[in-house]
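The values are calculated or read from the model by the stated rules, or taken from the named source; none is laboratory data. Treat the numbers as computed from the prediction; the structure is a model and nothing was measured. Counting neighbours? That spans all protein chains shown, and the Cβs are built from the backbone with ideal geometry, glycine included.
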Amino acid sequence: MRKTITEPAPLIDALASLYPESSKTTLRQILQAGRVRVNGVVEKNAKCDLDGDDTIDVADKAVHRNLPAGLSILHEDADVVVVLKENGLLTVATERERETTAQAYLNVYLGQKKGEDRIHVVHRLDRETSGVLVFAKNAFSREQLKEQFAAHTVDRMYVAIIETEIDPPEGTFQSWLRERRDLKMVSGPEHPEAKFAVTHYRTAQTNHRFSMLEVTLETGRKNQIRAHLSEAGHPVVGDRMYGSEINPLGRLGLHAKLLGFDHPVTGKHMEFTAPVPKSFRKAVS
């Protein structure tokens with residue numbers, strides 16, 4: 001269940017309005033079980049003060065039991081599952097980590113539901129990037145969604161917290177990105193191993209020391225946003241790989257806020273959003 005707060009209130013009061021028949025004890029138990037998220041982040045403090053535009057999500061008890069705190073389901077049907085991933089969680093397995101991933105957790109979740117297929121990966125978010133991800137529940141849906149990503153028809157908007165203030169306040173980056181041996185993506189001349197990348201940005205808020213950008217991807221290359229902003233002289237905060245030397249958020253300042261695509265079977269356009277983390281907004285206030 002999701003609720004957007006219209007005026008400031010303690011979290012326990014907002015929950016009481018969602019569940020008027022539940023006692024304060026029951027609501028505190030829901031909080032302590034880690035089932036409540038504020039702007040996408042698990043919150044257990046009943047006295048947490050909510051702002052007028054905060055969003056709270058309460059996970060279904062059965063679903064929550066089968067998923068870790070770093071992952072929650074925004075939408076599920078017979079063909080796709082859309083999730084909100086917290087920073088710090090891998091999307092898929094690596095050579096070093098195979099079990100603590102969004103894909104692995106969802107496979108366990110589906111394995112406990114009769115007649116469900118395994119999870120199919122469509123796209124990825126970096127470990128330290130939070131936000132919206134879509135997975136397919138069958139091979140047909142996977143291929144249909146991958147075709148949309150390849151055709152650049154998927155809507156993707158990120159929020160980035162960068163160092164200082166970018167000039168001009170909105171614009172577009174275009175370059176050929178190529179991966180170096182150290183795995184860092186860099187811009188360079190056109191090359192068989194390089195991929196053309198286009199990133200649009202707009203400054204949403206700034207306090208001059210830090211700025212919040214809304215970043216829209218026209219292409220989806222590895223580390224595209226991080227590389228382009230770093231090369232512009234405004235690395236994403238917390239991104240040591242791409243030159244940031246400050247970390248006011250205690251994490252990478254990148255969040256996948258919006259994902260929109262056509263349903264692989266029905267063709268209906270679907271759009272999902274993940275609230276901007278509260279720490280992002282505080283950094284530029």
Can we say L133 is in contact with a Leu (Cβ under 8 Å, 6 or more places away or on another chain) and part of a loop (DSSP other than H, G, I, E, B)?
-> no
The correct count of residues that are modelled with pLDDT of 90 or more and either surrounded by fewer than 14 Cβ atoms within 10 Å (Cβ to Cβ) or not charged (D, E, K, R) (or both) in segment 76-103 is 16
From the options L249, L254, residue that is closer than 21 Å to P169 by Cα, at pLDDT 95 or above and not β-branched (V, I, T) | L254
In segment 88-99, residue farthest from G131 (Cα to Cα) [restricted to those that are assigned to a loop (DSSP other than H, G, I, E, B) and in contact (Cβ under 8 Å) with a residue 24 or more places away in the chain] = V92
For segment 111-122, indicate whether the set of residues that are without any contact (Cβ under 8 Å) to a residue 24 or more places away in the chain, in contact with a strand residue (DSSP E or B) (Cβ under 9 Å, 6 or more places away or on another chain) and assigned to a helix (DSSP H, G or I) is non-empty.
-> no
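Within segment 76-91, does at least one residue satisfy the condition of being in contact with a His (Cβ under 6 Å, 6 or more places away or on another chain), on the phi < 0 side of the Ramachandran plot and in the same structural domain as M270 (by TED's automatic domain parsing)?
Among the residues of segment 76-91, at least one is in contact with a His (Cβ under 6 Å, 6 or more places away or on another chain), on the phi < 0 side of the Ramachandran plot and in the same structural domain as M270 (by TED's automatic domain parsing), which makes the answer yes.
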Can you pull out the residues in segment 70-85 that are in contact with a Lys or Arg (Cβ under 9 Å, 6 or more places away or on another chain) and of a type outside the set (V, I, T)?
-> G70, L71, S72, L74, E76, D77, A78, D79, L84
In segment 1-48, the residues that are part of a loop (DSSP other than H, G, I, E, B), under 15 Å from S72 (Cα atoms) and within 22 Å of the chain's Cα centre (by Cα) = M1, G34, R35, N39, G40, E43
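In segment 220-268, what residues are in a loop (DSSP other than H, G, I, E, B) and under 17 Å from the mean Cα position of the chain (by Cα)? Give the steps one after another, and end with the answer.
Going through segment 220-268, the residues in a loop (DSSP other than H, G, I, E, B) turn out to be 220-223, 232-235, 237-239, 243-253, 263-268.
G220, R221, K222, N223, V237, G238, D239, L249, G250, R251, L252, G253 - these are the residues of segment 220-268 that are in a loop (DSSP other than H, G, I, E, B) and under 17 Å from the mean Cα position of the chain (by Cα).
Condition check ((1) surrounded by 13 or more Cβ atoms within 10 Å (Cβ to Cβ); (2) free of Cβ contacts under 8 Å to residues at least 60 places away in the same chain; (3) assigned by TED's automatic domain parsing to the domain that holds V265) across all residues:
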{"residue": "Q29", "(1), (2), (3)": "no, yes, no"}
{"residue": "G40", "(1), (2), (3)": "yes, no, no"}
{"residue": "L50", "(1), (2), (3)": "yes, yes, no"}
{"residue": "T55", "(1), (2), (3)": "yes, no, no"}
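Could you please give the count of residues in segment 24-40 that are in contact with a strand residue (DSSP E or B) (Cβ under 8 Å, 6 or more places away or on another chain) and β-branched (V, I, T)?
Initially, segment 24-40 is screened for residues in contact with a strand residue (DSSP E or B) (Cβ under 8 Å, 6 or more places away or on another chain), giving 30, 34-40.
With the extra rule that they be β-branched (V, I, T), the set shrinks to 30, 36, 38.
Total meeting the criteria: 3.
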Identify all residues within segment 71-107 that are closer than 21 Å to V36 by Cα and out of contact with any Leu (no Cβ under 8 Å at 6 or more places or on another chain); write none if there are none.
-> H75, E76, G88
If you go through H200, H208, the only one that is modelled with pLDDT under 95 and in contact with an Asp or Glu (Cβ under 8 Å, 6 or more places away or on another chain) is H208
Do you know which of the residues in segment 136-152 that are of a type outside the set (A, V, I, L, M, F, W, C) and at pLDDT below 95 is farthest from the chain's Cα centre (by Cα)?
-> N138
Candidate set: segment 197-256, residues that are touching a Leu at 6+ places or on another chain (Cβ under 7 Å) and hydroxyl-bearing (S, T, Y); chosen: the one surrounded by the fewest Cβ atoms within 10 Å (Cβ to Cβ) = T203
Give the residue that is nearest to V81 (Cα to Cα), with candidates limited to residues of segment 136-165 that are of a type in the set (D, E) and not in a strand (DSSP E or B).
-> E143
